[in-house]
Amino acid sequence: MTLFLISVTAYLVGSIPILAFFRGKPLVGIYPVRNLREALIIIGMQMSKGALVTLMGLMVSGWIGAAFAAVAVVLGDLFPVFSRFQGGTGVAVTAGALAILSPLLILLGVGIYLITLLLTRYLSLSLVLSAVGVMLLTLVLFPKLYVVLVVFFVGVLILFRQRGLFRRWRRGREAPIRGWHGLRRWK
């Protein structure tokens, strides 16, 4: 019963539309942020949402409770009940949950993401490579079954959710990030 209550609470917290609260108007779907400051604030709030709920699950019911809470909060962010089941990407919430379950994994995942982003300048490619990298590193670094199951379940959900963005990149329809030229600057 405790795991059920943790999961429901985590799902409802994950369903809270942070961007709508931040901007002060109801939103459905994914909307672009206005500037870097707003992006960093929203990412921090989303990560906090994932970390706090996972920490709550850890405190109430141990590592199994943390695993259930991590999965439920990501499901709540991807398919929120308050926004007609059209949610965000789940990436920042997953990062917050993984910061509690395995801080080393999140550091490695952020490293893969940033290196790939600096080299390629494509957000979707960086996201896919970091998700796959974290899943593979989980197999090598962590023998704990709950961490492996959470990372693979959430990783597959994120990759499934991002399949459209990755298709756009493969077809050449995604524009690279403007503002810097990756490694072309030194050529």
So Val150 fits all but one of (1) over 24 Å from Ile16 (Cβ atoms); (2) within 19 Å of the chain's Cα centre (by Cα); what number is the exception? (1)
Given the condition assigned to a helix (DSSP H, G or I), out of contact with any helix residue (DSSP H, G or I) (no Cβ under 7 Å at 6 or more places or on another chain) and free of Cβ contacts under 8 Å to residues at least 24 places away in the same chain, answer yes or no: does some residue in the stretch 72-87 qualify? no
Within the stretch 117-146, restricting attention to residues that are polar (S, T, N, Q) and modelled with pLDDT of 90 or more, which residue is farthest from the chain's Cα centre (by Cα)? Thr138
So, Val93, is that one buried (at least 20 other Cβ atoms within 10 Å of the Cβ), within 22 Å of Leu52 (Cβ to Cβ) and at pLDDT 90 or above or not? yes
Just one of the numbered conditions (1) under 24 Å from Thr9 (Cα atoms); (2) among the β-branched types (Val, Ile, Thr); (3) surrounded by fewer than 14 Cβ atoms within 10 Å (Cβ to Cβ) is not true of Val132; which one? (1)
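The values are calculated or read from the model by the stated rules, or taken from the named source; none is laboratory data. Since the structure is predicted, the reported quantities are computational estimates derived from the model, not experimental observations. Neighbour counts are summed over all protein chains in view; Cβ atoms, including those assigned to glycine, are modelled from backbone coordinates with ideal geometry.
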